[in-house]
Amino acid sequence: MKSMTKGRMLVWGLFALVLVLAPQIFDSGLSITMLSQMGIAIIACLSYNMLLGQGGMLSFGHAVYTGLGAYMAIHALNAVGHGSLPIPVSAVPLVGGFAGMAFAVLFGFVTTRKSGNTFAMITLGMAELVFAMSLMFADFFGGEAGVSGNRVIGEPVMGISFAPAVQVYYLIAVYTFIAVALMFAFTGTPLGRMLNAVRDNPERVEFIGYNPQRIRYTAFIIAGFFAGISGGLAALNFEIVTAEVVGAARSGAYLLFTFLGGATFFFGPIIGAILMVMAFVLLSEFTKAWLLYLGLVFLFMVMYAPGGIASLIMMNLRVAKFGKLKGLWGIYLAMAATVSVGLFGVGALLEMIYHRKLNATLGSELHYMGATLDSASASSWLGMAAVMAVGLGLFEWVRRKFVQQWGLIQEDIEKEIKRREAA
């Protein structure tokens, strides 16, 4: 027990240290902007995972609560600037949090009455309703232009004016650390445990005297609070809120990257949030087909790693604990090499397709990862198709060898566990 406590303290200490030192190591303007967005996304994805991973509630409308929290926060920021709301700028994200909670109380009363597919469809309908309202009620939502604000208000306090981006980052870092800690603590509460039980067997929960709908509703409200804080931080960071923040694409992004990170583990959505920002900011700069690549990655993960990246990490940690990981390094390298060759071919074909459709006026030649391709030449198409086929074919062959070796290792581990239990 003491070793587990020390281990958790070490993890939380490292997490805090990373938050503090990150802008010192990555000190460019783009890096600090990305770090701020990562903190915001971490809170949003973890709040979504309270529904999906912990409660088994597939929501298609989580952006409603981050988005409405952002709208309320930007209006609160403007009210602070006008002198009609006497709170510090640093407390504005809490306005977003309480707004997200209030809307979760209102909408969740309807959505959590059902579970499963019905719940998912109701949340989708609710999301479309709110998005339509964002374009209709311009007085509150600002229409297509959105609502803008200014976070630099009044005299600086202890040199903090929130004008520099790094000061905003550290405010986001503080909120991120506290929010992550509170959401982790929630997993160990009786309510958090009962939420897991409702996910796994709602009939049994009802049999022992609990109301599954009430448990889902309470968790939904708590998730709405943290989602609103994420939206409030985004409003401070960007100083503008548009209708896009309540759109279906934003809700889809939360679902996609929470799943990719690993919804069954607490740290999975953190990984997913980091990947989300990197994809939206960096990948979108490298290629116009970045959304298609995301779709392919999602498909690949569903086929070969449905538990997400976190599950891959935990499975390999279990293997390493029993000293079996060193036997897998060779096959891991072979899988990485073959899939890289296959994806190179896939990417080349996609880039040539996009070049012919969108950049035909620039000529038929294009440069892709050091290679010069000609979208008008059959040899380029046939060559890249061959590269794709060979790479993916070899990957599948190596993967089957890996599955066999992985099965043998798991059998050895089970035997070792039984031997230790019998000793």
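The values are calculated or read from the model by the stated rules, or taken from the named source; none is laboratory data. The shown structure was predicted, so the numbers you read here are calculated from the model rather than taken from an experiment. Please note: Cβ atoms are built from the backbone with ideal geometry, for glycine as well, and neighbour counts cover all protein chains shown. In case anyone asks, the SASA skips ligands and DNA or RNA and just uses the protein heavy atoms, side chains included. Shrake-Rupley method; radii C 1.70, N 1.55, O 1.52, S 1.80 Å.
Within region 125-160, restricting attention to residues that are within 16 Å of residue 235 (Cα to Cα) and assigned to a loop (DSSP other than H, G, I, E, B), the residue that is farthest from the chain's Cα centre (by Cα) is 153. Inside region 8-54, residues that are more than 20 Å from residue 130 (Cβ to Cβ), of a type in the set (Phe, Trp, Tyr) and assigned to a helix (DSSP H, G or I) make up a count of 2.
Among all residues of region 117-124, there is none that is closer than 20 Å to residue 234 by Cβ, crowded, with 18+ Cβ neighbours inside 10 Å and modelled with pLDDT under 95.
Within region 55-88, the only residue that satisfies the criterion of being part of a loop (DSSP other than H, G, I, E, B), among the polar types (S, T, N, Q) and crowded, with 24+ Cβ neighbours inside 10 Å is 59.
Condition check ((1) at pLDDT 90 or above; (2) on the phi > 0 side of the Ramachandran plot; (3) surrounded by fewer than 13 Cβ atoms within 10 Å (Cβ to Cβ)) across all residues:
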{"position": "337", "(1), (2), (3)": "yes, no, no"}
{"position": "353", "(1), (2), (3)": "no, no, no"}
{"position": "359", "(1), (2), (3)": "no, no, no"}
{"position": "363", "(1), (2), (3)": "no, yes, yes"}
{"position": "366", "(1), (2), (3)": "no, no, no"}
{"position": "385", "(1), (2), (3)": "yes, no, no"}
{"position": "391", "(1), (2), (3)": "yes, no, no"}
{"position": "399", "(1), (2), (3)": "yes, no, no"}
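Taking the listed residues 258, 264, the one that is β-branched (Val, Ile, Thr) and not in a helix (DSSP H, G or I) is 264, with no other qualifying.
Is there a residue in region 40-56 that is aromatic (Phe, Trp, Tyr) and within 14 Å of the chain's Cα centre (by Cα)?
Within region 40-56, one or more residues are aromatic (Phe, Trp, Tyr) and within 14 Å of the chain's Cα centre (by Cα).
Screening the candidates 159, 143 for the property of being open to solvent by 40 Å² or more (accessible area, probe 1.4 Å) and at positive phi yields one hit, 159. Among the residues of region 35-53, not a single one is without any contact (Cβ under 8 Å) to a residue 60 or more places away in the chain and either surrounded by 11 or more Cβ atoms within 10 Å (Cβ to Cβ) or touching a Cys at 6+ places or on another chain (Cβ under 7 Å) (or both). So in region 89-107, with the set limited to residues that are among the small types (Gly, Ala, Ser) and closer than 19 Å to residue 171 by Cβ, which one is surrounded by the most Cβ atoms within 10 Å (Cβ to Cβ)? Among them, the one singled out is 96.
If you filter region 200-212 down to residues that are in contact (Cβ under 8 Å) with a residue 40 or more places away in the chain and in contact with a Pro (Cβ under 9 Å, 6 or more places away or on another chain), you find that the one that is farthest from residue 99 (Cα to Cα) is 202.
Within region 293-315, is there a residue that is at pLDDT below 90, open to solvent by 40 Å² or more (accessible area, probe 1.4 Å), closer than 21 Å to residue 186 by Cα and assigned to a loop (DSSP other than H, G, I, E, B)? Looking through region 293-315, none of the residues is at pLDDT below 90, open to solvent by 40 Å² or more (accessible area, probe 1.4 Å), closer than 21 Å to residue 186 by Cα and assigned to a loop (DSSP other than H, G, I, E, B).
Among the residues making up region 205-237, a single one is open to solvent by 10 Å² or more (accessible area, probe 1.4 Å) and in contact with a strand residue (DSSP E or B) (Cβ under 9 Å, 6 or more places away or on another chain): 234.
Check whether at least one residue in region 321-328 is open to solvent by 50 Å² or more (accessible area, probe 1.4 Å), in contact (Cβ under 8 Å) with a residue 24 or more places away in the chain and not hydrophobic (A, V, I, L, M, F, W, C), and report yes or no.
Initial filter on region 321-328 (open to solvent by 50 Å² or more (accessible area, probe 1.4 Å)): 321, 324, 326.
Retained after the next criterion (residues that are in contact (Cβ under 8 Å) with a residue 24 or more places away in the chain): 324.
Filter once more, keeping what is not hydrophobic (A, V, I, L, M, F, W, C): 324.
Yes, the conditions are met somewhere in region 321-328.
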